[in-house]
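Everything below concerns the one structure shown next.
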Amino acid sequence: MELPVIDLSPYLEISTSKLGEEQELDPQLKNLCSEVSRILRDTGALLVKDPRCSAEDNDRFLNMMEKYFDKPDDFKRLQERSHLHYQVGVTPEGVEVPRSLVDKELQQKLSTMPKEYQPSTPVGPDPKWRYMWRVGPRPSETRFQELNSEPVIPEGFPEWKETMDSWGYKMIYAIEVVAEMAAIGFGLQKDAFTSLMKQGPHLLAPTGSDLQRYGQEGTVFAGYHYDLNFLTIHGRSRFPGLNIWLRNGQKMEVKVPVGCLLIQTGKQLEWLTGGECQAGMHEVVVTNRTIDAIELARQQNRSLWRVSSTLFAHIASDATIEPLGHFADPPLAGNYPSMRAGEFVELELAVINLKGKNSNSSD
Ligand SMILES: [Fe+2]
């Protein structure tokens, strides 16, 4: 089974036209929205094609990040902000802890899964670097100041800010369209999700995994986990290795076609839909397909850093998360108590954290 690709163009054409607001949505577009929400619910993932975001944009971003991750560790550590819980700048390898390593309840659940669907077992913290870059406006007043810190720019990268912001905004625009389509598909107001995303602490958080050092089959770069944010979006990585778990428990290797984006459901979306759409479980592991890609990159003299061009879209820290609209009906809604999104994030971080608060623990 492969994930279908949803082309956002038809929806974009309508939503950007002036007539869009008042118009009753065309039945075909309505179907497309239902398809988006259905795929998100059943698979926790969605492949999209956004005409505003090209393969060249993705390449420009990946090229810069490969160049950065290839710098010596001492250089990269200048961008480390451990006192800010790594919420900006670089997180060195060996800091992020996969949830499956510390969450006893999760470990218990994993042991009952059929063998062929069980995730790889990490032996310690993730061996990957990550860079955190905030995208979009931040609130002037917030109760959650530490989640909204100033950006860090490495020396010798004059193109840094422009490249990060341009990729970041493109990713957010794509997420906003998907969030609107999903809201319609779930029978909510079109802006049910996007209105809560305004001024959210969105994070562009590419990871860098050194396949030269850690290129052995079975190496776990990101242990089995879910993302704590609303929706996560990635461009295509040059090295495969992402596995996802469908709602029915089946494990699936994700193949992202060239020019496409991958979206994954996070815990905040699960909260807002009262569990109708659950946070997608996933892992990143060196597979035989990764090995083939490493071999090809070696032959072509390309970088052996596996960069993921990940953006975590969040609900605004001060906004309330609770099941929306018809999802507020009991009994399931009881599992998702109302709270501020920022408070929720802090609770989640406390679980996955062995060395003080760190990042999203994701790919
Ligand atoms: Fe993740």
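Throughout, read-outs are computed from the coordinates displayed, never taken from laboratory work. Here the structure is a predicted model, which is why all the values come from computation and not from measurement. Don't worry about glycine lacking a Cβ; one is built from the backbone with ideal geometry, like all the others, and counts go over all protein chains shown.
Numerical summary
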read-out	value
Two-site FRET efficiency, Ala328 against Gln300, from Cβ-Cβ distance with R₀ of 51 Å, rounded to 0.05	0.45
Over region 130-176, volume per residue of the alpha carbon convex hull, in Å³	105 Å³
Karplus-derived HN-Hα couplings along region 326-334 (A = 6.51, B = -1.76, C = 1.60, θ = phi - 60°), whole Hz, x at Gly and Pro	5, 6, 7, 5, x, x, 4, 4, x
Sequence-separation-based contact order of region 51-156, relative, with Cα cut under 8 Å and 6+ spacing, percent	30 percent
Net charge dipole size for the chain [Lys, Arg +1 and Asp, Glu -1 on Cβ; Debye, nearest 20]	680 debye
GNM top mover of Leu211, Leu62, Leu110 - the chain, alpha-carbon springs below 10 Å	Leu110
For region 29-58 and region 327-351, distance of Cα centres in Å	26 Å
Longest exposed-site-free window of the chain, the sites being GluC sites (Glu not before Pro) in a DSSP loop that have at most 15 other C-beta atoms within 10 Å	218-363
GNM top mover of Met197, Met65, Met113 - the chain, alpha-carbon springs below 10 Å	Met113
Largest to smallest principal axis extent of the C-alpha atoms in the chain, angstrom	55, 46, 45
Residue-by-residue Karplus 3J(HN,Hα) for region 339-346, coefficients 6.51, -1.76, 1.60, Hz, glycine and proline x	7, 6, 4, x, 5, 4, 4, 5
Cα-based helix-to-principal-axis angle, 288-299 vs the chain, degrees rounded to 10	60 degrees
Phi-based couplings in Hz for region 156-172 (Karplus 6.51, -1.76, 1.60; Gly and Pro marked x)	x, 10, x, 8, 4, 4, 5, 5, 5, 5, 5, 5, x, 5, 4, 5, 5
Whether region 81-202 is rounded, prolate or oblate, judged on the alpha carbon gyration tensor where a/c under 1.5 counts as rounded	oblate
